[in-house]
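Visitor: A single structure is presented below for examination.
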Amino acid sequence: MARKIVAGNWKMNKTVNEGVQLVEELKNELAKVDTSDVTVVVSPPYVNLSEAVKTAQGSPVNVSAQNVHQEESGAYTGEISAQMLKSVGVGYVIIGHSERREYFGENATDIAKKVDAVITQGLTPIYCCGEVKEERESGNQNEVVGGQISSELFHLSPEDFGKVVIAYEPVWAIGTGLTASPDQAQDMHAFIRDFVSEKYGQEIAEETSILYGGSCKPSNAAEIFSKKDVDGGLIGGASLKAEDFVGIITAFN
């Protein structure tokens, strides 16, 4: 059975001091609830990572980076390697987020190499995939998502693929005013699990955590998480407030 995961992507928000305060608030709130069945992850900006790791010690909070460079080192001004992330205690890395694909032109080759770099360092990739509005409207969402997964993940050995967390982003429903229904989320998650099963077998597919990366908040998390193939969420705006994020984390209970 796949482990339940709720990961918060802070994006380009929170100064170091604000980030420390948010992690402290999360620690205090999570101390009041049972988190034994769910893995909690926060993903601050690069400059916050070291302090976030220190602040999270002794709590259920794990820390993730939002991106990584595919090379170990070199003349890549402004970039951060997986080895560097590991050195500050980061355990997870978001890879292939729709904003990285759209705004920074990341392609399948880049993303596949980043997955490899993260796994090599013993970190867990939170790999993002998803379709845009035109692709959903034309009914090609399965082909698009399947194409992303096959070109960016299916080079992995079964052992390494088992280390990957998948996050499905309905890009067409993020910040557009449109909403992906829980049933639409379930349909895509079921497709992804079946697609993985065809490549790696049912056991690995059943153990792969597939997170929902659409608009998720305390008011709809329980309904979304109740779906058979939804193993948690990659949360954006609602992860910036401790009360809201904890409300989503406890939606499994």
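Visitor: Please work out which one of (1) in contact with an Asp or Glu (Cβ under 9 Å, 6 or more places away or on another chain); (2) assigned to a loop (DSSP other than H, G, I, E, B); (3) free of Cβ contacts under 8 Å to residues at least 24 places away in the same chain; (4) not β-branched (Val, Ile, Thr) is the condition residue 76 fails and give its number.
Guide: With (1) in contact with an Asp or Glu (Cβ under 9 Å, 6 or more places away or on another chain); (2) assigned to a loop (DSSP other than H, G, I, E, B); (3) free of Cβ contacts under 8 Å to residues at least 24 places away in the same chain; (4) not β-branched (Val, Ile, Thr) applied to residue 76, the lone miss is (1).
Visitor: Just checking, how many residues over the range 1-49 are under 23 Å from residue 165 (Cβ atoms) and either assigned to a helix (DSSP H, G or I) or polar (S, T, N, Q) (or both)? It would help to see each step written out before you state the result.
Guide: So the first thing to find is which residues in the range 1-49 are under 23 Å from residue 165 (Cβ atoms), and the list is 1-14, 19, 22-23, 26-27, 30, 33-46, 48-49.
This time we only want the ones that are either assigned to a helix (DSSP H, G or I) or polar (S, T, N, Q) (or both), so: 9, 13, 19, 22-23, 26-27, 30, 35-36, 39, 43, 46, 48-49.
Number satisfying all stated conditions: 15.
Visitor: Go through the range 88-116 and count every residue that is within 17 Å of residue 151 (Cα to Cα) and either in a loop (DSSP other than H, G, I, E, B) or in contact with a strand residue (DSSP E or B) (Cβ under 7 Å, 6 or more places away or on another chain) (or both).
Guide: 10
Visitor: Of the conditions (1) modelled with pLDDT under 95; (2) surrounded by fewer than 16 Cβ atoms within 10 Å (Cβ to Cβ); (3) in contact with a helix residue (DSSP H, G or I) (Cβ under 7 Å, 6 or more places away or on another chain); (4) not aliphatic (A, V, I, L, M), residue 151 fails just one. Which one is it?
Guide: (1)
Conditions (1) crowded, with 21+ Cβ neighbours inside 10 Å; (2) under 14 Å from residue 129 (Cβ atoms); (3) basic (Lys, Arg), marked per residue:
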| position | (1), (2), (3) |
| --- | --- |
| 170 | yes, yes, no |
| 174 | no, yes, no |
| 178 | no, no, no |
| 191 | no, yes, no |
| 209 | no, yes, no |
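Visitor: For the range 50-77, which residues satisfy the criterion of being closer than 19 Å to residue 125 by Cα and of a type in the set (A, V, I, L, M, F, W, C)?
Guide: Within the range 50-77, 52, 53, 61, 63, 65, 68 meet the criteria.
Visitor: Determine whether residue 131 is of a type in the set (D, E, K, R), surrounded by fewer than 18 Cβ atoms within 10 Å (Cβ to Cβ) and not in a strand (DSSP E or B). I'd like the intermediate steps shown before the answer.
Guide: Values: of a type in the set (D, E, K, R): yes; surrounded by fewer than 18 Cβ atoms within 10 Å (Cβ to Cβ): no; not in a strand (DSSP E or B): yes.
Here the answer is no, as residue 131 does not meet what is asked.
Visitor: Right, next: If you go through the range 29-53, how many residues are surrounded by fewer than 23 Cβ atoms within 10 Å (Cβ to Cβ), in contact (Cβ under 8 Å) with a residue 12 or more places away in the chain and either among the polar types (S, T, N, Q) or more than 19 Å from residue 252 (Cα to Cα) (or both)?
Guide: Summing the residues that are surrounded by fewer than 23 Cβ atoms within 10 Å (Cβ to Cβ), in contact (Cβ under 8 Å) with a residue 12 or more places away in the chain and either among the polar types (S, T, N, Q) or more than 19 Å from residue 252 (Cα to Cα) (or both) in the range 29-53 gives 8.
Visitor: Here is a further query. When you go through 82, 2 one by one, which is the residue that is under 25 Å from residue 116 (Cβ atoms), in contact with an Asp or Glu (Cβ under 8 Å, 6 or more places away or on another chain), at pLDDT below 95 and surrounded by 15 or more Cβ atoms within 10 Å (Cβ to Cβ)? Please lay out each step first, then the result.
Guide: On the way: 82 fails: at pLDDT below 95.
Answer to the check: 2.
Visitor: Quick one: what pairs do we get from the range 115-137, first residue without any contact (Cβ under 8 Å) to a residue 12 or more places away in the chain and farther than 14 Å from residue 86 by Cα, second of a type in the set (D, E, K, R) and crowded, with 22+ Cβ neighbours inside 10 Å, C-beta under 6 Å, 6+ apart or different chains?
Guide: Listed pairs, sorted by first residue: none to list.
Visitor: Separate question: Would you say residue 203 is without any contact (Cβ under 8 Å) to a residue 24 or more places away in the chain and surrounded by fewer than 20 Cβ atoms within 10 Å (Cβ to Cβ)?
Guide: Numbers: without any contact (Cβ under 8 Å) to a residue 24 or more places away in the chain: yes; surrounded by fewer than 20 Cβ atoms within 10 Å (Cβ to Cβ): yes.
Yes, satisfied.
The values are calculated or read from the model by the stated rules, or taken from the named source; none is laboratory data. Here the structure is a predicted model, which is why all the values come from computation and not from measurement. With ideal geometry, Cβ positions are generated from the backbone for all residues, glycine too; neighbour counts draw on all protein chains shown.
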